[in-house]
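Input: a single structure, listed below in structure tokens.
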Amino acid sequence: MIYLNSLNRTFVSSKLDDVSLSSGFTTKDAGDGRNIETILSNLRINQIIFKKLVVAEQIHSANVEYYESHDNQIVEVVPETDGVVTSEKGVVIAVRTADCIPILYADKSSGIIAISHNGWRGTLKKISARIVDEMTGHGAKREEIVAVIGPGVGLCCYDVDEERYYTFMEEFESDLGAFTMRGGRRHLNLAKMNYEILKLAGIKTEHIDFFPFCTSCDKDKFYSYRRDHKKHPEKFGEMFSYIVRN
Ligand SMILES: [Zn+2]
């Protein structure tokens, strides 16, 4: 279950409740995550002990990188990647989103954690399955991996053109139950699509947590690219999501 921690106004998953981990999906209350200083100050306010913040550059790819630190810089951007895997303690891995889906992953037994930014392009290229492969390649057990799908644009607000629908159909040979027709337009449920990809990658359904809200509908809690980027650029920002081994 994903719930709002009222102390720090951050969403957390009960499936990641563990003294060995800290994690969360922020709301607008945390400020604009495009600014690295915002992320650093939030981590400090929440008393998370860390030695480094590592963020993915995010280029809407399915590129995944296994991260090991090799210097003492406090902030590092991993270039040309949308997913980061690590087992190093004290390394906060983070992504920024506003409608795209952030996913957190952890195998508590091996201590391998990961994060990904899943827009439609990364989802089409199955970045979440690539993360699972990268984790198991470094010793995680597939049957132990927990995946938590964070806040993104809902089916309600994500209409797409026919071409995109057929692109997914070609890739998956099924719409995986993630497309619905509404008002004569196809609507994509990006979270559901990622849920199905995780299941196909061998993640147990009881190990997948799911976020029930839509970033575009809930103006008070979330930034939304679709809602604000063009029409209200002054209101636009990005939430951030993070996970770290303590
Ligand atoms: Zn919506």
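Going 7 Å from the Cα of Leu40 toward and past its Cβ, which residues in the stretch 57-89 have a backbone nitrogen under 12 Å from where you end up?
Answer for the stretch 57-89: 73-76.
Stokes-Einstein at 10 °C, 1.306 mPa s, Kirkwood radius from Cα pairs: D for the chain in µm² s⁻¹?
The Stokes-Einstein estimate is 89 µm²/s.
In nm, to one decimal, how far is the Val75 label point from the Val160 one, both placed 7 Å along Cα→Cβ?
Using points 7 Å along Cα→Cβ, the separation is 3.2 nm.
Relative contact order for the stretch 27-89: what percent, with Cα pairs under 8 Å and sequence separation of 6 or more?
Relative contact order of the stretch 27-89: 32 percent.
Pairs to check: Lys51/Lys221; Lys15/Lys52; Lys108/Lys204; Lys51/Lys192; Lys52/Lys199; Lys199/Lys221. Give those whose C-alpha atoms are more than 26 Å from each other in this structure.
Lys51/Lys221; Lys51/Lys192; Lys52/Lys199; Lys199/Lys221
Can you sort Ser128, Ser61 from fewest to most other Cβ atoms within 10 Å of each residue's own Cβ?
Sorted ascending by nearby Cβ count, the order is Ser61, Ser128.
Using the count of nearby Cβ atoms within 10 Å as a rough guide to exposure, how do Phe168, Phe210, Phe240 rank from fewest to most?
By the 10 Å Cβ count, ascending, the order reads Phe210, Phe168, Phe240.
Which three lengths, in whole Å and largest first, does the stretch 85-124 cover when its Cα atoms are put on their principal axes?
30, 18, 11
Report the Cα-based extents of the stretch 17-159 along its three principal axes, largest first, to the nearest Å.
Projected onto its principal axes, the Cα set of the stretch 17-159 covers 43, 35, 30 Å.
Enumerate the amide H contacts of Ile112 below 5 Å, restricted to partners 5 or more residues apart or on another chain; note that Pro and chain-start residues carry no placed amide H.
Counting only residues 5 or more places away or on other chains, the set is Asp107.
Compactness ratio of the stretch 72-144: Cα Rg over 2.2 N^0.38 Å, N = residue count?
In units of the 2.2 N^0.38 Å rule of thumb, it is 1.10.
With Cβ to Cβ distances under 12 Å as the rule, what net charge do the other residues near Gly177 carry (K, R +1; D, E -1)?
0
Fully extended, how many nm does the chain gain between Glu173 and Thr205 (0.36 nm per residue separation, minus their Cα-Cα distance)?
Residue separation times 0.36 nm, minus the Cα-Cα distance, leaves 9.4 nm.
Which far-off residues, 5 or more places away or on another chain, put their amide H under 5 Å from the one on Ala56, with H placed in the peptide plane?
Residues meeting the amide H criterion: Val78, Ala94.
Since every read-out is calculated from the coordinates, none of them should be taken as a lab result. None of the values given here were measured: they were computed from a predicted structure. Neighbour counts are summed over all protein chains in view; Cβ atoms, including those assigned to glycine, are modelled from backbone coordinates with ideal geometry.
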